[in-house]
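Participant: Have a look at this one before I ask anything.
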């Protein structure tokens, strides 16, 4: 083996190692955000409803939920009391409008019809619930003039930071829809499942986490890292905003956009897509919307490249220097494109819950068509990465694909067989948008990223084999797209 081959092998392994490290960090962050047990907490909610207590009692404890469920928080296909006197309460329910319905049995602790209901979860999906996991709910109805006061208290195990943010607002949405249903009114517009202030705080934490991680070894470069981190967040935000646009287009008015530390971003919805076309378009709009932004910004990239080609003279960045605004604008464009292009390419990988995997699953009508679509998308992505000529990037890509494939196997079936199939026109529309989106990002990877690399190398004396910031940004994104919890989508 020659020295050059050894160096390439080391670069390949280095890229794979960085990709795996980012995936490990991302999985740990995902666990903290959505799965970490943070102990039991009591949640309270109340609402005054202008309806008889008998109507409220029946709507909440005996009837199926109205179409779409209780504000996306709960969707109930049926419920009933069991025993005489009642000792159990059976509910067939799914949470967040996502996933399958599950049969849940509550053991009644105290029951006063039309006045008080207190129960503890006993089984979920036929499996016994442990004492630590079991939720306890207390519902009290109090007549008050021409209305009734409904008070609910739930004590449950909170999982992840997201649980603290989501549960109180889910309870509020549930009661808002209960009130509208019992009063015979149209349901109010659903509030986002996470508040704007919480979303903003998570975005700040995500930015700070990236800066702190990369500056840990060399604090002196914090300005450069902060500059790049800003555009990494913008690239992720743009991608997730594309998903959000599609969700809103399909009537999901309460969809929410979050930026998550180390995870990237997530567009969260509160119901499952109703058709394969809806599923495909929500998944595809992340890369497609980003592709439109890439096309719009590409003409301005040379303004930033000229800064490197001129030798990265710091004086050129002074606002008194000729053309400084254009130089700064160009550097911002270059930073955004260098983040956005690889992030969207990796999201188009046709595996599991990644955007590409969801689109291919929605389009495929059998094993043969799935195999052909998967092979075609993989070929396009391989061609895109080959344009950089970097062993580092191939190592990162292969490690990313391996992790994504393993995650898809662990996640099991995606449940798209239950969705309404696409019509012929919808199939053509989706396939054309996928082809155009792939073309934009593949072409940008082949033409823009090598120019960015060459400009930086020539301007600051970097090495010829240094790859673009793919392995350090895009490989991390497997977690936010393959390990998102129920009720979360996007891509991603």
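The values are calculated or read from the model by the stated rules, or taken from the named source; none is laboratory data. Note that this is a predicted model, so its numbers are computed, not measured. All Cβ positions, glycine included, derive from the backbone under ideal geometry; neighbour counts span all protein chains shown.
Participant: I'd like the full set of residues that are more than 14 Å from the chain's Cα centre (by Cα) and under 15 Å from residue 411 (Cα atoms), limited to segment 353-375.
Facilitator: Across segment 353-375, the qualifying residues are 357, 361.
Rundown of residues vs (1) within 21 Å of residue 158 (Cα to Cα); (2) in a helix (DSSP H, G or I), yes/no style:
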site	(1), (2)
9	no, yes
14	no, yes
22	no, yes
29	yes, yes
39	yes, no
48	no, no
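Participant: While we're looking at this one, here's another question. Of the residues 229, 203, which is crowded, with 18+ Cβ neighbours inside 10 Å, in contact with a strand residue (DSSP E or B) (Cβ under 9 Å, 6 or more places away or on another chain) and in a helix (DSSP H, G or I)? Spell out how you get there, then give the answer.
Facilitator: On the way: 229 fails: in contact with a strand residue (DSSP E or B) (Cβ under 9 Å, 6 or more places away or on another chain).
Selected residue: 203, the only one of 229, 203 that is crowded, with 18+ Cβ neighbours inside 10 Å, in contact with a strand residue (DSSP E or B) (Cβ under 9 Å, 6 or more places away or on another chain) and in a helix (DSSP H, G or I).
Participant: Separate question: Give just the number: which of (1) at pLDDT 85 or above; (2) crowded, with 17+ Cβ neighbours inside 10 Å; (3) not assigned by TED's automatic domain parsing to the domain that holds residue 164 does residue 26 not satisfy?
Facilitator: Status for residue 26: all satisfied but (1).
Participant: In segment 214-255, how many are under 16 Å from residue 279 (Cβ atoms) and modelled with pLDDT under 85? Talk me through it step by step, then tell me what you get.
Facilitator: First, pick out the residues of segment 214-255 that are under 16 Å from residue 279 (Cβ atoms): 242-252, 255.
After this cut, where a residue has to be modelled with pLDDT under 85 as well, the list is 251-252, 255.
Residues flagged as under 16 Å from residue 279 (Cβ atoms) and modelled with pLDDT under 85 within segment 214-255 amount to 3.
Participant: Return yes or no: is residue 281 in contact with a strand residue (DSSP E or B) (Cβ under 8 Å, 6 or more places away or on another chain) and either in the same structural domain as residue 441 (by TED's automatic domain parsing) or surrounded by 15 or more Cβ atoms within 10 Å (Cβ to Cβ) (or both)? Quick ask: steps written out before the conclusion?
Facilitator: Values: in contact with a strand residue (DSSP E or B) (Cβ under 8 Å, 6 or more places away or on another chain): no; either in the same structural domain as residue 441 (by TED's automatic domain parsing) or surrounded by 15 or more Cβ atoms within 10 Å (Cβ to Cβ) (or both): yes.
Considered against the rule, which asks whether it is in contact with a strand residue (DSSP E or B) (Cβ under 8 Å, 6 or more places away or on another chain) and either in the same structural domain as residue 441 (by TED's automatic domain parsing) or surrounded by 15 or more Cβ atoms within 10 Å (Cβ to Cβ) (or both), residue 281 comes out as no.
Participant: Here is a further query. Give 179, 173, 144, 156 a once-over and let me know the one that is more than 29 Å from residue 248 (Cα to Cα) and crowded, with 17+ Cβ neighbours inside 10 Å.
Facilitator: On the way: 179 fails: more than 29 Å from residue 248 (Cα to Cα); 173 fails: more than 29 Å from residue 248 (Cα to Cα); 144 fails: crowded, with 17+ Cβ neighbours inside 10 Å.
The conditions single out 156.
One line per residue, one yes/no per condition, for (1) surrounded by fewer than 24 Cβ atoms within 10 Å (Cβ to Cβ); (2) at pLDDT below 90:
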{"site": "350", "(1), (2)": "no, no"}
{"site": "357", "(1), (2)": "no, no"}
{"site": "367", "(1), (2)": "yes, yes"}
{"site": "373", "(1), (2)": "yes, no"}
{"site": "379", "(1), (2)": "yes, no"}
{"site": "389", "(1), (2)": "yes, yes"}
{"site": "393", "(1), (2)": "no, yes"}
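Participant: May I pose another question? Take the residues in segment 66-80 that are crowded, with 18+ Cβ neighbours inside 10 Å and at pLDDT 90 or above, then tell me which one is nearest to residue 180 (Cα to Cα). So that I can check it myself, show each step before the final result.
Facilitator: Restricting attention to segment 66-80, the residues satisfying the condition of being crowded, with 18+ Cβ neighbours inside 10 Å are 69-76, 79.
Restricting the remaining residues to those that are at pLDDT 90 or above gives 76, 79.
Values: 76: 17, 79: 20 Å.
Filtering first and then ranking leaves 76.
Participant: Now for a different question. Within the bounds of segment 164-173, is there any residue that is in contact with a helix residue (DSSP H, G or I) (Cβ under 6 Å, 6 or more places away or on another chain) and at pLDDT below 90? Give the steps one after another, and end with the answer.
Facilitator: Initially, segment 164-173 is screened for residues in contact with a helix residue (DSSP H, G or I) (Cβ under 6 Å, 6 or more places away or on another chain), giving 165.
With the extra rule that they be at pLDDT below 90, the set shrinks to 165.
Within segment 164-173 (the criterion being in contact with a helix residue (DSSP H, G or I) (Cβ under 6 Å, 6 or more places away or on another chain) and at pLDDT below 90), the answer is yes, since at least one residue qualifies.
Participant: Please work out if residue 58 is closer than 20 Å to residue 173 by Cα and not assigned by TED's automatic domain parsing to the domain that holds residue 418.
Facilitator: On the way: closer than 20 Å to residue 173 by Cα: yes; not assigned by TED's automatic domain parsing to the domain that holds residue 418: yes.
Against the criterion (closer than 20 Å to residue 173 by Cα and not assigned by TED's automatic domain parsing to the domain that holds residue 418), residue 58 qualifies.
Participant: Looking at 153, 147, 122, 133, which one is at negative phi and either at pLDDT below 90 or in the same structural domain as residue 267 (by TED's automatic domain parsing) (or both)?
Facilitator: Details: 153 fails: either at pLDDT below 90 or in the same structural domain as residue 267 (by TED's automatic domain parsing) (or both); 147 fails: either at pLDDT below 90 or in the same structural domain as residue 267 (by TED's automatic domain parsing) (or both); 122 fails: either at pLDDT below 90 or in the same structural domain as residue 267 (by TED's automatic domain parsing) (or both).
Being at negative phi and either at pLDDT below 90 or in the same structural domain as residue 267 (by TED's automatic domain parsing) (or both) holds for just one of 153, 147, 122, 133, which is 133.
Participant: Something else: Considering 461, 467, which residue is surrounded by fewer than 13 Cβ atoms within 10 Å (Cβ to Cβ), in the same structural domain as residue 293 (by TED's automatic domain parsing), modelled with pLDDT under 80 and within 27 Å of residue 337 (Cα to Cα)?
Facilitator: Values: 467 fails: surrounded by fewer than 13 Cβ atoms within 10 Å (Cβ to Cβ).
Sole residue among the options that is surrounded by fewer than 13 Cβ atoms within 10 Å (Cβ to Cβ), in the same structural domain as residue 293 (by TED's automatic domain parsing), modelled with pLDDT under 80 and within 27 Å of residue 337 (Cα to Cα): 461.
Participant: Please go through (1) within 22 Å of the chain's Cα centre (by Cα); (2) under 30 Å from residue 44 (Cβ atoms) for residue 235 and return the number of the only condition it doesn't satisfy.
Facilitator: (2)
Participant: Go through (1) crowded, with 18+ Cβ neighbours inside 10 Å; (2) at pLDDT below 90; (3) in contact with a helix residue (DSSP H, G or I) (Cβ under 9 Å, 6 or more places away or on another chain) for residue 47 and report which single condition fails.
Facilitator: (2)
Participant: With the requirement that a residue be under 16 Å from residue 121 (Cα atoms) and assigned to a loop (DSSP other than H, G, I, E, B), what does segment 56-100 give you?
Facilitator: 86, 87
Participant: Might you check whether a residue that is exposed (fewer than 14 other Cβ atoms within 10 Å of the Cβ) and touching a helix residue (DSSP H, G or I) at 6+ places or on another chain (Cβ under 7 Å) occurs anywhere in segment 52-62?
Facilitator: Of segment 52-62, the ones exposed (fewer than 14 other Cβ atoms within 10 Å of the Cβ) are 54, 58, 62.
Filter once more, so that each one left must be touching a helix residue (DSSP H, G or I) at 6+ places or on another chain (Cβ under 7 Å): none.
Within segment 52-62, not a single residue is exposed (fewer than 14 other Cβ atoms within 10 Å of the Cβ) and touching a helix residue (DSSP H, G or I) at 6+ places or on another chain (Cβ under 7 Å).
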